[in-house]
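> Questions regarding the structure given below will be posed in turn.
The values are calculated or read from the model by the stated rules, or taken from the named source; none is laboratory data. Just so it is clear, the model here is predicted, and its values are computed rather than measured. Because the Cβ atoms are built from the backbone with ideal geometry, glycine has one as well, and the counts that use them run over all protein chains shown. To get the accessible areas, we keep the full protein, side chains included, count just its heavy atoms, and leave off ligands, DNA and RNA. Shrake-Rupley method; radii C 1.70, N 1.55, O 1.52, S 1.80 Å.
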Amino acid sequence: MSTQVQKNIVSEIEDQTGPVLVMEHLKKSFGNNHVLRDINLVINKGENVVVLGKSGTGKSVLIKCIVGLDEPDDGKLFIFGQDISELDEDELIDIRRKIGFLFQSGALYDSMTVRENLEFPLRRQLHSISKDEIFSLVKEALKNVGLDEAIDKTPSELSGGMRKRLGLARTLILKPSIMLYDEPTTGLDPITSKEISKLILKVQEKYNTSSIIITHDIDCAKITANRIIVIKEGICAAEGTYSELEKSEDPWIRSFFE
Amino acid sequence: MKKITLPKLQNENLDEEIVKDSVFKKFFLEVYSLTIFTLHFFREVFKPPYEFNELMKQTFLIGYKSFPLVIITGFIIGLVLTIQSRPTLANFGAESWLPAMVAVSIIREIGPVITSLIFAGKVGSGIGAELASMNVTQQIDAMQVSDTNPFKYLVVTRVVAATFMLPVLVVFADMVGLLGSFVGVNLKGDVSLHLFFAQIFQSLDFNDLFPAFIKTFFFGFAIGLIGSYKGYYSNKGTEGVGKAANSSVVFASLMVFIIDMIAVQITSLYQN
Ligand SMILES: Nc1ncnc2c1ncn2[C@@H]1O[C@H](COP(=O)(O)OP(=O)(O)OP(=O)(O)O)[C@@H](O)[C@H]1O
Ligand SMILES: [Mg+2]
């Protein structure tokens with residue numbers, strides 16, 4: 001049953017040419033705090049969309065709604081053309097398998113080594129995978145982010161930048177079709193930030209992933225974005241390419257680019 | 001099949017209300033959400049898939065971590081209890097009852113309760129702190145997006161492990177406690193090991209052993225559950241970790257006494 005569904009959806013993903021992710025009138029409140037009021041968003045296949053917005057505007061909540069960590073109050077969410085609210089649990093799980101989530105804090109498992117951190121999603125999501133396959137995937141993932149040496153260390157022994165890269169490796173190891181990055185470069189020095197931004201770009205090119213990148217780092221936006229969306233007071237206040245928004249009439253939008 | 005969306009208590013909203021409310025209301029809110037948590041545990045525990053590897057790992061860790069402490073305190077309690085009881089019994093000329101009396105108090109009451117309190121301090125706070133820090137750093141969320149039911153993987157395994165490990169630890173503590181008592185008896189007397197245990201077994205019966213053993217499962221369950229509950233629903237913030245560890249111990253220890261009281265009431269119904 002489960003494998004059947006997976007096959008269907010995966011084949012649909014391959015056929016997909018239009019938008020991979022669509023949000024229509026998405027709303028989310030916490031008590032009286034109306035965080036997302038009316039979000040409309042389209043992500044096309046192979047596209048990197050950067051989301052800008054001041055701290056606390058609900059950027060993290062937005063992408064948590066996509067993976068089901070937060071439940072939207074209202075509105076529609078289509079992933080690979082499927083209305084999420086119409087899917088049963090097994091189908092939801094299969095769809096979410098295709099989405100990678102990089103947490104703002106990394107969310108590395110402290111009690112596990114670097115290697116076990118990477119093995120965890122593999123073992124949990126690809127049940128019939130052999131030990132050798134796991135090892136070669138782990139090796140490859142670490143090489144992609146330049147962390148080969150750290151395989152037997154624990155997360156507490158890593159620097160901030162290494163932790164970010166490990167978080168990235170753990171998310172990428174399942175080769176997701178949609179990547180959600182929550183502030184991938186925050187707290188890093190400009191050089192490491194640039195490396196991470198380039199890595200994001202490399203991932204997009206290598207695996208043809210579609211991504212949402214939340215960031216306050218305007219250099220990261222410049223490197224990675226095909227399109228930028230600015231969120232203000234719970235709605236998408238502006239949308240355009242980097243150069244379009246940079247020259248915007250609106251001083252508030254321009255202020256992000258200074 | 002695995003569940004991705006779990007009922008999350010909206011604790012952040014709840015907490016603000018709690019601060020304004022009376023201690024009384026706070027207490028009942030706590031009991032209410034703990035009850036929901038417990039019900040959720042029973043819904044998840046029998047439902048496959050079972051996290052067998054993680055359960056084994058937790059059982060080992062929980063036993064391994066508290067074993068030395070339990071053994072040392074068990075021995076000392078047995079020894080001290082014997083030394084302290086001797087003068088009173090000697091006053092009545094009943095010194096020969098010493099092994100029997102100490103054995104009954106260790107096995108019925110002191111072994112299980114002291115071991116549980118140590119277990120609450122060591123394991124309950126450990127679970128509380130561990131889950132709280134996983135919560136703060138979004139590790140629990142990360143598991144959820146990795147196709148893993150964090151409640152099953154983290155909570156169910158720890159609660160089951162605590163439930164079955166504590167009775168084992170209590171048996172060890174009782175045995176070492178009796179050994180300590182044997183040493184205590186021989187500080188000022190001369191009783192052979194053979195005679196010592198012969199006296200003990202003469203005075204012990206099924207009514208001493210069985211209820212005392214059964215109640216330790218409940219102690220273990222309560223400690224594991226409360227630690228998990230406090231950790232799983234801790235406040236997002238580093239101060240939440242310390243708070244979770246601390247309140248796990250306080251709440252779990254209190255619970256041990258409450259369960260003990262109920263257990264004693266129930267067993268006394270059946271005896272005479
Ligand atoms: N689980 C929750 N319960 C209550 N309120 C929440 C919850 N999660 C988020 N919020 C609120 O939603 C708002 C948006 O939070 P969010 O984390 O999405 O901000 P953000 O845009 O990602 O900010 P930053 O750039 O600082 O990460 C905040 O006001 C926050 O208090
Ligand atoms: Mg955020």
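Yes or no, residue by residue, for (1) at pLDDT below 80; (2) within 12 Å of chain A (Cβ to nearest Cβ); (3) out of contact with any Ser or Thr (no Cβ under 6 Å at 6 or more places or on another chain):
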{"position": "B:Gln10", "(1), (2), (3)": "yes, yes, yes"}
{"position": "B:Glu17", "(1), (2), (3)": "yes, yes, yes"}
{"position": "B:Asp21", "(1), (2), (3)": "yes, no, yes"}
{"position": "B:Phe28", "(1), (2), (3)": "no, no, yes"}
{"position": "B:Ser33", "(1), (2), (3)": "no, no, yes"}
{"position": "B:Glu44", "(1), (2), (3)": "no, no, yes"}
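> Filter the stretch A:177-195 down to residues that are surrounded by 22 or more Cβ atoms within 10 Å (Cβ to Cβ) and more than 16 Å from ligand 1 (Cβ to nearest atom) and give me whichever is farthest from A:Ser105 (Cα to Cα).
A:Ser177
> Being open to solvent by 10 Å² or more (accessible area, probe 1.4 Å) and more than 8 Å from chain A (Cβ to nearest Cβ) is the filter; apply it to the stretch B:130-154 and report the residue that is farthest from B:Phe52 (Cα to Cα).
Residue satisfying both the conditions and the ranking: B:Val136.
> Only one residue in B:Ser234, B:Ser253 is open to solvent by less than 30 Å² (accessible area, probe 1.4 Å) and outside any helix (DSSP H, G or I). Which one?
Values: B:Ser253 fails: outside any helix (DSSP H, G or I).
Step by step, each of B:Ser234, B:Ser253 is checked, and only B:Ser234 is open to solvent by less than 30 Å² (accessible area, probe 1.4 Å) and outside any helix (DSSP H, G or I).
> Additional query: Would you be able to say whether some residue in the stretch A:111-119 is surrounded by fewer than 19 Cβ atoms within 10 Å (Cβ to Cβ) and hydrophobic (A, V, I, L, M, F, W, C)?
Checking the stretch A:111-119: at least one residue is surrounded by fewer than 19 Cβ atoms within 10 Å (Cβ to Cβ) and hydrophobic (A, V, I, L, M, F, W, C).
> Scan the stretch B:165-216 for residues that are open to solvent by less than 50 Å² (accessible area, probe 1.4 Å), in a loop (DSSP other than H, G, I, E, B) and under 26 Å from B:Ser116 (Cβ atoms) and jot them down.
If the condition is that a residue be open to solvent by less than 50 Å² (accessible area, probe 1.4 Å), in a loop (DSSP other than H, G, I, E, B) and under 26 Å from B:Ser116 (Cβ atoms), then B:Leu204 is the only one that fits.
> A further question follows. Which of the residues belonging to the stretch A:94-110 are in contact (Cβ under 8 Å) with a residue 40 or more places away in the chain and more than 16 Å from ligand 1 (Cβ to nearest atom)? Let's see the steps before the verdict.
First, pick out the residues of the stretch A:94-110 that are in contact (Cβ under 8 Å) with a residue 40 or more places away in the chain: A:94-95, A:97-104, A:106-110.
If the condition is that a residue be in contact (Cβ under 8 Å) with a residue 40 or more places away in the chain and more than 16 Å from ligand 1 (Cβ to nearest atom), then A:Asp94, A:Ile95, A:Arg97, A:Lys98, A:Ile99, A:Gly100, A:Leu108, A:Tyr109, A:Asp110 are the ones that fit.
> Sticking with this one: Tell me the residue from A:Arg115, A:Arg97 that is facing chain B (nearest Cβ under 9 Å), within 25 Å of A:Arg165 (Cα to Cα) and away from ligand 2 (no atom under 16 Å from the Cβ), please.
So the residue among A:Arg115, A:Arg97 that is facing chain B (nearest Cβ under 9 Å), within 25 Å of A:Arg165 (Cα to Cα) and away from ligand 2 (no atom under 16 Å from the Cβ) is A:Arg97.
> Then there's this: Scan the stretch A:29-48 and tell me whether some residue there is without any contact (Cβ under 8 Å) to a residue 40 or more places away in the chain, within 11 Å of chain B (Cβ to nearest Cβ) and of a type in the set (A, V, I, L, M, F, W, C). Steps first, please.
Taking the stretch A:29-48 and keeping what is without any contact (Cβ under 8 Å) to a residue 40 or more places away in the chain, we get A:30-33, A:42.
Then drop every residue that is not within 11 Å of chain B (Cβ to nearest Cβ), which leaves A:30-33.
Filter once more, so that each one left must be of a type in the set (A, V, I, L, M, F, W, C): A:30.
Yes: one or more hits.
> Now a separate question. Condition first: among the polar types (S, T, N, Q) and either within 15 Å of ligand 1 (Cβ to nearest atom) or open to solvent by less than 10 Å² (accessible area, probe 1.4 Å) (or both). Now tell me which residues in the stretch A:38-75 satisfy that. Before you say what the answer is, go through the steps one by one.
Within the stretch A:38-75, the subset among the polar types (S, T, N, Q) is A:40, A:44, A:48, A:55, A:57, A:60.
Listed by number, the residues that qualify are A:Asn48, A:Ser55, A:Thr57, A:Ser60.
> Looking at A:Glu133 and the list (1) away from chain B (no Cβ under 14 Å); (2) in a loop (DSSP other than H, G, I, E, B), which single condition is not satisfied?
(2)
> Failed condition for A:Ala141, given (1) among the aliphatic types (A, V, I, L, M); (2) open to solvent by less than 20 Å² (accessible area, probe 1.4 Å); (3) not in a helix (DSSP H, G or I), with all others met?
Condition not satisfied by A:Ala141: (3).
> Here's another thing I want to ask about it. Of these, A:Leu158, A:Leu174, which one is hydrophobic (A, V, I, L, M, F, W, C) and either in contact with a strand residue (DSSP E or B) (Cβ under 7 Å, 6 or more places away or on another chain) or surrounded by 20 or more Cβ atoms within 10 Å (Cβ to Cβ) (or both)?
On the way: A:Leu158 fails: either in contact with a strand residue (DSSP E or B) (Cβ under 7 Å, 6 or more places away or on another chain) or surrounded by 20 or more Cβ atoms within 10 Å (Cβ to Cβ) (or both).
Within the list A:Leu158, A:Leu174, the selection yields A:Leu174.
> Of everything in the stretch A:84-138, what is within 17 Å of the chain's Cα centre (by Cα) and small (Gly, Ala, Ser)? Give them in sequence order.
A:Gly100, A:Ser105, A:Gly106, A:Ala107
> Here is a list of conditions, (1) closer than 30 Å to A:Lys222 by Cβ; (2) among the hydrophobic types (A, V, I, L, M, F, W, C); (3) more than 16 Å from ligand 2 (Cβ to nearest atom); (4) at the interface with another protein chain (Cβ under 9 Å from one of its Cβ atoms), and A:Leu92 meets all of them except one; can you say which number that is?
So A:Leu92 meets the others, but not (1).
> Turning to a different aspect of this structure: Out of (1) surrounded by 19 or more Cβ atoms within 10 Å (Cβ to Cβ); (2) more than 12 Å from ligand 1 (Cβ to nearest atom); (3) of a type in the set (A, V, I, L, M), what's the single condition that is false for A:Leu87?
Against the list (1) surrounded by 19 or more Cβ atoms within 10 Å (Cβ to Cβ); (2) more than 12 Å from ligand 1 (Cβ to nearest atom); (3) of a type in the set (A, V, I, L, M), A:Leu87 comes up short only on (1).
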